[in-house]
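Notes follow once the structure below has been shown.
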Amino acid sequence: MIYKFYRQRIFPHLLNQVMQTASLMDKRRELLLPVAGEVLEIGFGTGLNLPFYQQVDTLYALEPNPDIYRLAAQRVHEAPFEVQHIQASAEKLPFASASLDHIVSTWTLCSIASLEQALAEICRVLKPGGALHLVEHVLHSDSRKIQYLQQALTPVQKRIADGCHLNRNIERALKGAGLELAECRYFDAEGIPKIAQRMLLARAVRP
Ligand SMILES: C[S@@+](CC[C@H](N)C(=O)[O-])C[C@H]1O[C@@H](n2cnc3c(N)ncnc32)[C@H](O)[C@@H]1O
């Protein structure tokens with residue numbers, strides 16, 4: 001009962017605040033600049049990417065959680081292009097095969113229950129040469145201590161942060177899905193606790 005109240009009424013507001021950390025907003029700008037035309041964003045959240053799309057005609061805003069999507073209403077209303085909400089999961093994308101040039105994921109791959117299945121779906125839906133543009137927090141590659149904490153605390157994190165895994169090796173998962181990394185850069189985001197600070201910004205292309 002209390003947990004349900006937390007997930008439906010408190011967590012969406014916490015998410016909306018944390019995801020507006022200045023260093024994350026800067027990375028949204030950088031990631032989304034070349035994204036154009038008809039675009040699918042998975043795990044749309046509260047719509048924080050909307051102001052950074054410069055060349056988009058239609059955005060398919062895939063967000064399974066209505067309590068989170070509700071907080072995007074004002075941003076969706078103000079968007080200078082069409083935004084279509086799609087209430088579905090990335091593991092089963094309601095799109096035809098080879099139908100899209102651009103898919104976007106910002107801090108969503110950590111939360112998807114079956115990452116492997118979602119990446120298979122993304123590969124199916126992308127046209128050959130199409131790209132998944134992503135920025136995600138990842139398993140730390142250098143510090144054994146941080147890696148250990150990420151592994152140990154992931155079960156708790158999943159409970160308090162709506163399924164978020166701290167311990168995912170996203171680069172390995174992308175390559176395992178058959179995507180090719182046209183761009184792949186790691187950085188530590190300012191203002192984020194060390195345990196979730198290591199980030200990957202990448203553009204993963206369907207061959
Ligand atoms: C950490 S939030 C990031 C939100 C947003 N992308 C942003 O950058 O602010 C993760 C988002 O992924 C969504 N999500 C969780 N499981 C999902 C799934 N299976 N398919 C698509 N989205 C999912 C959550 O509802 C949430 O909106």
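The values are calculated or read from the model by the stated rules, or taken from the named source; none is laboratory data. Values in this document were obtained by computation on a predicted structure and should not be read as measured data. For neighbour counting, all protein chains shown are included, and Cβ atoms are generated from backbone atoms with ideal geometry for every residue, glycine included. All accessible areas refer to the heavy atoms of the entire protein, side chains included, with ligands and DNA or RNA removed. Shrake-Rupley method; radii C 1.70, N 1.55, O 1.52, S 1.80 Å.
Of all residues in the range 155-207, those satisfying the criterion of being acidic (Asp, Glu) and either without any contact (Cβ under 8 Å) to a residue 60 or more places away in the chain or farther than 21 Å from Met19 by Cα (or both) are Glu171, Glu180, Glu183, Asp188. Within the range 97-108, the set of residues being assigned to a loop (DSSP other than H, G, I, E, B) and within 11 Å of the ligand (Cβ to nearest atom) comprises Trp107, Thr108. Could you check, for the range 116-132, whether at least one of its residues is open to solvent by 20 Å² or more (accessible area, probe 1.4 Å), within 29 Å of Asp188 (Cβ to Cβ) and within 15 Å of the ligand (Cβ to nearest atom)? The answer is yes, given that some residue of the range 116-132 is open to solvent by 20 Å² or more (accessible area, probe 1.4 Å), within 29 Å of Asp188 (Cβ to Cβ) and within 15 Å of the ligand (Cβ to nearest atom). Could you tell me whether Ser111 is closer than 24 Å to Asn167 by Cβ and part of a strand (DSSP E or B)? So Ser111 does not fit the description; no.
Scan the range 97-116 for residues that are without any contact (Cβ under 8 Å) to a residue 40 or more places away in the chain and under 27 Å from Ala196 (Cβ atoms) and jot them down. Matches in the range 97-116: Ser114 only.
If Gln54 satisfies all but one of (1) under 13 Å from the mean Cα position of the chain (by Cα); (2) open to solvent by 20 Å² or more (accessible area, probe 1.4 Å); (3) not acidic (Asp, Glu), what's the number of the condition it fails? Result: Gln54 passes all but (1). Taking the condition part of a loop (DSSP other than H, G, I, E, B), farther than 28 Å from Arg198 by Cα and either without any contact (Cβ under 8 Å) to a residue 24 or more places away in the chain or within 11 Å of the ligand (Cβ to nearest atom) (or both), does Pro94 pass? The answer is yes for Pro94. Within the range 1-25, the set of residues being open to solvent by 60 Å² or more (accessible area, probe 1.4 Å) and closer than 19 Å to Ala72 by Cα comprises Arg7, Gln8, Arg9, Ile10, His13, Leu14, Gln17, Val18, Gln20, Ala22. Using the structure shown, decide if Leu174 is assigned to a loop (DSSP other than H, G, I, E, B), aliphatic (A, V, I, L, M) and surrounded by 13 or more Cβ atoms within 10 Å (Cβ to Cβ). Considered against the rule, which asks whether it is assigned to a loop (DSSP other than H, G, I, E, B), aliphatic (A, V, I, L, M) and surrounded by 13 or more Cβ atoms within 10 Å (Cβ to Cβ), Leu174 comes out as no. Residues in the range 15-68 that are of a type in the set (Val, Ile, Thr), over 19 Å from Glu183 (Cβ atoms) and touching a residue at least 40 places away in the same chain (Cβ under 8 Å): Thr21, Ile68.
Being over 15 Å from the mean Cα position of the chain (by Cα), more than 13 Å from the ligand (Cβ to nearest atom) and open to solvent by 10 Å² or more (accessible area, probe 1.4 Å) is a condition met by at least one residue of the range 57-67.
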